[in-house]
Every structure is written in structure tokens, then in C-alpha cells.
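As C-alpha cells, the structure follows; a few thoughts come after it.
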Amino acid sequence: MRVLALPDGTLADPDQPFVRADDLGLLRGDGVFETVLVVDGKPREWAGHLDRLVRSAAMLDLEPPDLAGVERAGRAVIDHWTGGELALRLVCTRGAEGGDGTPTVFALGSEVGAKARRQRVDGVSAIALDRGFDADLAERAPWLLLGAKSLSYAVNMAALREAERRGADDVVFTTPSGEVLEGPTSTLVLVRGRTLRTPPSALGILPGTTQAALFEVAAGAGWTTEVGRVDVADLYDADAVLLASSVRLIARVHTLDGKSLPDSSEVHAELAACYESRY
């Protein structure tokens, strides 16, 4: 099932042509997007996703998104959804090449797949892949748009295909020196004792909405949360390595580069329940 809606709140047929062939989002990946999990008609981290959409658009020098229109489109999809858990994509592109600058904006809803739901429980195997840039690159070269949620996801998808070729589910990106960054579609959280740590966004990491929500509710439950350096070597003896994302939520990494990590099923279950208590 899929539902497509426009900024005026009207629906469009998702099986019919909608985006122009010369749209810069299609031709060049020149646009931004967010994916929101909707459960029982209630979107999760709605404000955080909209804030990040605006921040990403600013990094791309896009016209500020019409948030009222984005919300109308998103709400229309939610209101007409009759399936299970909904993955709601909010998309803003630069519009047609050589056009008047009018952006293309729409919301597309699709059902959360069984694979994502299964990995919430079973966890994932991952490989560490060199992202090819040092920790200070985001500061030195902001024009590379590190940390923006743009439509240019070809590298991330290539990384996931490489993981599949190696018999793994997911990827942990690193710097050449072995400092941990993030996953292609997730934020990494390291657990030691009662402390949660995530790498700093200054590395060019996309700030995670689910990770932020987890840290907020975990802090209220007595956990210590911090932002700081994480090295690949730290992952092998951690109490848990988690990948947090909007649709898959909190998934534990049970295997890294073919090596089994310490059993983190109890820690994961506690933190997943802690996150769910927010709702």
C-alpha cells in the first residue's frame, strides 16, 4: 500500500507520473527528505523531523520548506492510511531545471517492511567500512554537505550493497584512522554499564532523531548519556552496540566484521522498552 499527498492536502495516484523528468531532485539528487515512523496514526519525533528538514534545506541553500504545506501533505497521508506501521517520507526538491525556483514537495507513505520489524528484535550483523574522510572534514569543507539529509543517497545504498555482498545486514562507517561515524541510515550508540555514548555531529554525522529521543527518555530513567569519540576497537567489548533509526528504531549489532559481539539482548530489551515508554 502507498499513499501520495501534495502540499494542499490533496491526494495523488502513486502509480501515475508525478515528478517531472527534469526535476533536479531526480536528475541530481538536489533536495532533502525525512522519513517519519507513524504508529496507530501518531507520527514519532514529528517536530524533530521537521526541524531537521529545515536545517538540511538551509545547508543545500534551498528555499525554506513551506512547513505548513509539508504538514498538510503528511497529515493527509496519515489520515488516509489503512495499513499497518507507516513509513512517511517528506520530500522537498529544488524543482524543475531552469524553472522558476518553485520546489517540488510531497509526502509518500508506504508500509514498514517485515525486515525492519524483524531486525528490531533479532538485531543485525554489520561490517565496518572506511567512509574516506577524516574527522575534521565537515568543518573544513562544509560544501560537501556532511550531516545534511539530502536525496543523494547513492553512497549509502552502495555501502549497504557491499554489506550484503559480504553476508552482513548493515554498515558502520569509520574514518581512515578508525573513528566511528554512523551507519548509512542510522546513528550508532555505544553502551557501557549505564552510559550511552554517540559520536559527535561535528564529524559530519546526521543528527539522529531516534537517538535523541532515546537519550532523553533514558536520562530520565537514570542512564548517563554523552557525546564523544568512539573507535572501532571500542565496539568489540562494549555491553551493547546499537543502531538507532526512525523506522527500524533500536537495533542491536550482534556481529561485526564476522566476529560475534558480547550478548547484548538484555541491554537492548531494556533500552528498547525505555524508548517505547515515551509513547
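The values are calculated or read from the model by the stated rules, or taken from the named source; none is laboratory data. Remember, predicted model here, so these are calculated numbers, not experimental data. Here Cβ is always computed from backbone atoms with ideal geometry, including for glycine, and neighbour counts include all displayed protein chains. Each accessible area value is taken on the protein alone, full model and side chains, heavy atoms only, with ligands, DNA and RNA left out. Shrake-Rupley method; radii C 1.70, N 1.55, O 1.52, S 1.80 Å.
Given a 1.4 Å probe, how much area per residue of the chain is accessible, in Å²?
Working: 12830 Å² over 279 residues.
Roughly 46 Å² per residue, with all protein chains present.
Rounded to the nearest 500, what is the 222 nm mean residue ellipticity of the chain from helices alone, with -39500 (n - 2.57) per DSSP H run of 4+ residues and division by all residues?
Details: 9 runs with 85 residues, N = 279.
-9000 deg cm²/dmol, from helical runs alone.
Give me the compactness ratio for the chain, meaning the Cα radius of gyration over 2.2 N^0.38 Å. Could you put the intermediate results ahead of the total?
Numbers: Rg = 18.8 Å, N = 279, 2.2 N^0.38 = 18.7 Å.
The reported ratio for this selection is 1.01.
Could you state the number of Å between the C-alpha centres of region 100-121 and region 213-234?
Going from one Cα centre to the other spans 27 Å.
For R166 and E63, FRET efficiency with R0 = 35 Å and r from the beta-carbon atoms, rounded to 0.05? Display every interim value, and only then the final one.
On the way: r = 41 Å, r/R0 = 1.17.
Efficiency at R0 = 35 Å is approximately 0.30.
So what's the Cα pair-distance distribution over region 117-277, bin width 5 Å, in %?
For region 117-277, the binned pair fractions read 2, 9, 19, 24, 22, 14, 7, 2, 0 percent.
Could you tell me the convex hull volume per residue, in Å³, taken over the Cα atoms of region 143-186?
88
Considering the convex hull of the alpha carbon atoms of region 220-279, report its projected area averaged over all viewing directions, in nm², one decimal. Kindly include the intermediate steps, with their values, before the conclusion.
Details: hull surface 19.6 nm².
Average projection, Cα convex hull of region 220-279: 4.9 nm².
Indicate the gyration tensor shape class of region 2-112 (rounded, prolate or oblate), computed on the Cα atoms with a ≥ b ≥ c the square roots of the eigenvalues: a/c under 1.5 is rounded; otherwise a/b larger than b/c is prolate and the rest oblate.
Values: a/c = 2.07, a/b = 1.39, b/c = 1.49.
Since a/c reaches 1.5 but b/c is at least a/b, the shape of region 2-112 is classed as oblate.
Roughly speaking, what % of Cα-Cα pairs in region 105-170 are separated by over 21 Å, rounded to a whole number?
Values: 1001 of 2145 pairs.
Result for the distance tail: 47 percent.
Beyond 13 Å, what percent of the Cα pairs of region 1-58 remain?
Working: 1224 of 1653 pairs.
When all Cα pairs of region 1-58 are counted, 74 percent exceed 13 Å.
How are the Cα pair distances of region 58-207 distributed, in percent, across 5 Å bins from 0?
2, 8, 13, 16, 17, 17, 15, 10, 3, 1, 0, 0
Give me the extension gain from R89 to A221: residue separation times 0.36 nm, minus the current Cα-Cα distance, reported in nm with one decimal. Don't skip to the answer; put the middle values down first.
On the way: separation 132, 0.36 × 132 = 47.52 nm, distance 3.11 nm.
Contour length minus Cα-Cα distance gives 44.4 nm.
At a 10 angstrom cut-off on C-beta neighbours, averaged per residue, how do the peptides 203-211, 131-139 rank from highest to lowest? Write out the running numbers ahead of the final one.
Values: 203-211: 23.1, 131-139: 15.4.
Going by the mean number of other Cβ atoms within 10 Å, highest first, we get 203-211, 131-139.
Above 12 Å lies some portion of the pair distances; for region 46-96, what is it as a whole percent of all C-alpha pairs? Please list the in-between numbers first.
Numbers: 855 of 1275 pairs.
That fraction is 67 percent.
For a protection proxy built on the mean count of beta-carbon atoms within 10 angstrom, sort 79-87, 103-111, 53-61 highest first, please. The partial results should precede the final answer.
Values: 79-87: 14.2, 103-111: 21.1, 53-61: 17.4.
Descending packing order for the listed peptides: 103-111, 53-61, 79-87.
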